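Here is the structure we will look at, set down as structure tokens.
Computed from the coordinates by the stated procedures, all read-outs in this text should not be read as laboratory data. Keep in mind that this is a model prediction, so the values were computed, not measured. Cβ placement follows ideal geometry from the backbone for every residue including glycine, while neighbour counts extend to all protein chains displayed.
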Amino acid sequence: MFWAIGFLLLGICLGFLLLHRNISRFMERGLSCIICVLLFLMGISIGSNDVLMRSLPQLGWHALLLTLAAIIGSVLCAALLWKYVFARTSSRQ
């Protein structure tokens with residue numbers, strides 16, 4: 001756990017040091033690739049878990065409902081955030 005917090009703090013410090021350099025395009029591509037690799041590895045981990053795969057028919061509907069609720073909640077929160085935060089700042093300029 002401490003190593004994860006250490007990596008987070010290291011990234012914050014590095015981001016602060018590179019604040020005025022234009023690395024955003026590189027970071028976007030790099031982060032997208034890393035997220036795809038992490039999702040792929042998580043899929044392999046889930047697919048190789050025999051207990052989870054055997055209980056998937058029982059968990060399937062609950063997992064689907066939970067996933068849909070999370071997606072709907074995320075979209076609603078993002079829309080509210082866009083409406084109340086970003087729309088106000090753009091109208092002030």
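Only one of the values (1) 25, 17, 11; (2) 45, 15, 12; (3) 34, 25, 12 was calculated from this structure for semi-axes √(5λ) of the Cα gyration tensor in Å; name its label.
Among (1) 25, 17, 11; (2) 45, 15, 12; (3) 34, 25, 12, the one derived from this structure is (3).
Give, rounded to the nearest 20 debye, the magnitude of the charge dipole that the chain has about its Cα centre when Lys and Arg contribute +1 at Cβ and Asp and Glu contribute -1 at Cβ.
440
Using the alpha-carbon atoms, what tilt in degrees (0 to 90, nearest 10) does helix 2-17 show relative to the longest principal axis of the chain?
Helix 2-17 sits at roughly 30 degrees to that axis.
Run the numbers for TYR84 and VAL37: contour at 0.36 nm per residue of separation, minus the present Cα-Cα distance, in nm.
13.5 nm
Divide by every residue of the chain the summed helix terms, -39500 (n - 2.57) for each DSSP H run of at least 4, and state the resulting mean residue ellipticity at 222 nm, rounded to the nearest 500 deg cm²/dmol.
Here the helix-only value at 222 nm equals -27000 deg cm²/dmol.
Work out the charge dipole of the chain with +1 on the Cβ of Lys and Arg and -1 on the Cβ of Asp and Glu about the Cα centre, then indicate which of TYR84, THR67, ILE35 is farthest towards its positive end.
TYR84
By how many degrees, between 0 and 90 and to the nearest 10, does the Cα long axis of helix 56-81 differ from the longest principal axis of the chain?
20
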